[in-house]
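Student: I'd like to ask some things about the structure below.
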Amino acid sequence: MCDYSLHGVASRPAKVGDKLVTTEFHNTLTRGFSAIDEPKVAVCLLPGTELGFEAEVEREHLWLQTLFFKKDRWKIGHKVGRFCQVNMRNPGTHHDAIEFPDGKIVLLTHLLAGQRATVLQLPARAPQQSTKRDRVSSAAPVQA
């Protein structure tokens, strides 16, 4: 999936082995992933997609925060994470996030731009189960 604010940007689904970079897209207020060789195309991830980063992941910091906190505070402390979506009931906020092994969840738009990652694994899909509605509609018609 791609965050709601990237709907005006060209996009494509992620594939295993994709080399990605956190990107600030032109005329948007968010960050997302693009392929290293396609900087203007957003790469959309499904929840559960596993990523491996080249270096420890860093989150963005505001210049004022640098006066009060050490730079190490902005490092997440992990090089792997799993894509997820949060705040889905609130349509006017960012949803795309990365969950790290310690349970910390950071919005993708808060990650520092320019960080490189590789798609390690796409989520497994459970076999589609029929719903009660499907079972009823496929049954023989009832005689009155």
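Student: Residues in the range 79-95 near a label at R12, defined as backbone nitrogen under 17 Å from the 7 Å Cα→Cβ point?
Tutor: Label zone hits: none.
Student: Under 5 Å between amide hydrogens, which residues at least 5 positions from L111 or on another chain qualify, with H placed 1.01 Å from N in the peptide plane?
Tutor: The list, which skips near neighbours in sequence, is E60.
Every number here is computed from the coordinates shown, using simple stated rules; none is lab data. Note that the structure is predicted; figures quoted are calculated from it, not measured. When we count neighbours, we look across all protein chains shown, and the Cβ atoms used for this are built from the backbone with ideal geometry, even at glycine.
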